[in-house]
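What follows is a single structure, written as structure tokens, with notes after it.
The values are calculated or read from the model by the stated rules, or taken from the named source; none is laboratory data. Just so it is clear, the structure is predicted and the values come from calculations on it, not from any experiment. Please note: Cβ atoms are built from the backbone with ideal geometry, for glycine as well, and neighbour counts cover all protein chains shown. Quick note on the areas: whole protein, heavy atoms, side chains included, nothing else; ligands and nucleic acids left out. Shrake-Rupley method; radii C 1.70, N 1.55, O 1.52, S 1.80 Å.
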Amino acid sequence: MDPDASSWFRSMSSTFSFLFFGFTILFSIFALFLYVVRLRLWCSCEICRSYVTSSWRKDFANLCDWYTHLLRKSPTGTIHLHVLNNIITVNPENIEYMLKTNFENYPKGKPFSTVLGDLLGRGIFNIDGHPWKFQRKMASMELGSVSIRMFAFELITDDIRSRLIPLFSLIAGKEEVLDLQDVFRRFSFDNICKFSFGLDPGCLNLSQPMSKFATAFDTASKLSAERALVPTPVIWKLKRLLSIGSEKKLKEAISMVNELAYAIIEERKRTGFSTNKDLLSRFMASIDDHKYLRDIVISFLLAGRDTIASGLTSFFILLSQHPEVESVIRQEIDSVMTSTPCDDLASFEQMREMHYLNAAIHESLRLYPPVQFDSKFAQEDDVLPDGSFVKRGTRTTYHQYAMGRMDRIWGQDSHEFKPERWLKNGVFVPESLYNFTVFHAGFRVCLGKEMALVEMKSVAVAVVRRFSIRVADSKQVPRFSPGLTATVSGGLPVVIQEIKN
């Protein structure tokens, strides 16, 4: 190439790059300006001022506790955080209206799907409309079958028997402190990977480092959730464009997740999948698009991992604080399993007879839901049943954590851990899903609800029957880390003692 031409070409490339990045930065600044204008950051109402200045931190350990305080004071059970363009409610009538009556006007929305799009793609938890209906119908058929539920139960009992119980037995009596939250996260990840992919990452072996897949998945989940915390999506989108900071790490983590996911799909396609029982193999029978398969299964992986770990962590926090409840649960287990050797696990039929255990788990989920809130975005202007006006594009949030602490729903003792509130003449009686929204409600009610409860019950029975678990710091107040699910900041150090029969 002619030297002059080469020099001209390099000069033009540099100029083009400079103009491109200059335009990108100017456009981002302009977009940020429009975002600030739209969000009305100058709102001087007490709620918005407290949020912007973070003055709420003086009185509350967690943001969710501050929201609970505000919603308790609201006559309608609804507040408006103008600076976030977010209406937050605990009003059951509003929630039923959003999730059922006028469902089509309150989709997940593009703001939500964009945040999790790189990780979840076109998975069921990140889409709306006809694609969601198609996946919902397909997932409902699979998850509702007896065979898949038996397969899930076999995986759970095998992991409890061969991994969880031996680990607790090894630690018990040694006066060693164990991070129970970390153990449950490892346990649930092993289990959901087997169920979704037919893959065993072996995370519950504490002597070994976490698998690369588990580490990458953790990183991808955490960094995806952090996108929602930045003042404007322009910030993380610009970082993604330039591949810098957290967005660079997110890209690398998702790349590793994809690499393993596609390798499993290719291997399953090569060796055959008709005889396998895992979720991926079942979906492969009707879907040939590898990217679509990856998105579907990764969504179930995300849903089934952290939610179970969060639910179990909170349950054992509460049992540690309420030994009288633990004692009643243990008595019920002994009564139902009186002829069952201590080494055996509870069957489906036996767990159905444990009404108090079922009540205690629901009561724990009421106070500490794994997903603390869920948001939709209004398609058109609307008015909620309590009279709140919803402008098109407004984020509308129902707050599960706050709902569990509303006297107007649960009575004056709403802040107390009382499994008895779920029992009538000793028999478990469920609450309306629009009062107890832990598993969501309406058309998007959780398809994996029964399997999640079975997993929690199975672990609870196996552990409570054999061990006494106490939080190392009896006065520890849960502080939650930002994320898609409720994760206790700093973990949950516990001391384990084996019960001598």
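Points worth noting:
- Looking only at region 102-116, residues that are in a loop (DSSP other than H, G, I, E, B), within 22 Å of P231 (Cα to Cα) and open to solvent by 30 Å² or more (accessible area, probe 1.4 Å) come to 0 in all.
- Qualifying residue in region 443-462 (condition: touching a strand residue (DSSP E or B) at 6+ places or on another chain (Cβ under 6 Å) and open to solvent by less than 40 Å² (accessible area, probe 1.4 Å)): no
- Residue match in region 407-423 (condition: closer than 25 Å to A225 by Cβ, buried (at least 20 other Cβ atoms within 10 Å of the Cβ) and touching a His at 6+ places or on another chain (Cβ under 8 Å)): no
- Cβ pairs under 9 Å, 6+ apart, first in region 415-429 and over 20 Å from M403 (Cβ atoms), second exposed (fewer than 11 other Cβ atoms within 10 Å of the Cβ): none
- Every residue from region 463-494 that is over 22 Å from the mean Cα position of the chain (by Cα), open to solvent by less than 50 Å² (accessible area, probe 1.4 Å) and not hydroxyl-bearing (S, T, Y): V463, V464, R465, R466, F467, I469, V471, Q476, V494
- Hey, R444 farther than 30 Å from A172 by Cα and modelled with pLDDT under 95 or not: yes
- Residue in region 374-390 that is over 30 Å from K133 (Cβ atoms) and in contact (Cβ under 8 Å) with a residue 60 or more places away in the chain present: yes
- Hits in region 152-162 (condition: surrounded by fewer than 19 Cβ atoms within 10 Å (Cβ to Cβ) and not polar (S, T, N, Q)): F153, E154, D158, R161
- Of all residues in region 263-295, those being open to solvent by less than 70 Å² (accessible area, probe 1.4 Å) and either touching a residue at least 24 places away in the same chain (Cβ under 8 Å) or touching a strand residue (DSSP E or B) at 6+ places or on another chain (Cβ under 6 Å) (or both) number 15.
- Qualifying residues in region 201-225 (those that are open to solvent by 30 Å² or more (accessible area, probe 1.4 Å), touching a Leu at 6+ places or on another chain (Cβ under 9 Å) and in a helix (DSSP H, G or I)) - the one farthest from S299 (Cα to Cα): K212
- For region 329-375, a residue qualifies if it is open to solvent by less than 40 Å² (accessible area, probe 1.4 Å), of a type outside the set (A, V, I, L, M, F, W, C) and assigned to a helix (DSSP H, G or I), and the qualifying residues are E332, Q350, Y356, N358, H362, E363, S364, R366.
- Selection status of D288, assigned to a loop (DSSP other than H, G, I, E, B), at pLDDT below 85 and among the charged types (D, E, K, R): no
- For region 66-84, the candidate set comprises residues that are open to solvent by 40 Å² or more (accessible area, probe 1.4 Å) and at pLDDT 95 or above; within that set, the residue that is nearest to D128 (Cα to Cα) is H80.
- Filter result for the condition that a residue is open to solvent by less than 60 Å² (accessible area, probe 1.4 Å) and in contact with an Asp or Glu (Cβ under 9 Å, 6 or more places away or on another chain), over I95, I87, I148: I148
- Which listed residue is closer than 27 Å to L447 by Cα and either open to solvent by 20 Å² or more (accessible area, probe 1.4 Å) or at pLDDT 90 or above (or both), from L250, L229, L260, L242: L260
- Candidates are the residues of region 169-180 that are assigned to a helix (DSSP H, G or I) and at pLDDT below 95; the one that is least open to solvent (accessible area, probe 1.4 Å) is I171.
- Wholly within region 400-468, helices (runs of 4 or more DSSP H) carrying at least 3 residues that are in contact with a helix residue (DSSP H, G or I) (Cβ under 6 Å, 6 or more places away or on another chain): 449-466
Conditions (1) touching a residue at least 24 places away in the same chain (Cβ under 8 Å); (2) touching a Cys at 6+ places or on another chain (Cβ under 6 Å); (3) among the hydroxyl-bearing types (S, T, Y); (4) over 30 Å from F153 (Cβ atoms), marked per residue:
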| site | (1), (2), (3), (4) |
| --- | --- |
| N191 | yes, no, no, no |
| K194 | yes, no, no, no |
| L204 | yes, no, no, no |
| S207 | no, no, yes, no |
| K212 | yes, no, no, no |
| A216 | yes, no, no, no |
| R227 | yes, no, no, yes |
| E259 | no, no, no, yes |
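- Here L319 meets each of (1) closer than 25 Å to F213 by Cα; (2) open to solvent by less than 60 Å² (accessible area, probe 1.4 Å); (3) not β-branched (V, I, T) with one exception, condition (1).
Here is a yes/no grid of residues against (1) within 20 Å of S286 (Cα to Cα); (2) touching a Leu at 6+ places or on another chain (Cβ under 9 Å); (3) at pLDDT below 95:
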| site | (1), (2), (3) |
| --- | --- |
| V115 | no, no, yes |
| G123 | yes, yes, yes |
| I127 | yes, yes, yes |
| K137 | yes, no, yes |
| S140 | yes, yes, yes |
| L167 | no, yes, yes |
| D182 | no, yes, yes |
| F197 | yes, yes, yes |
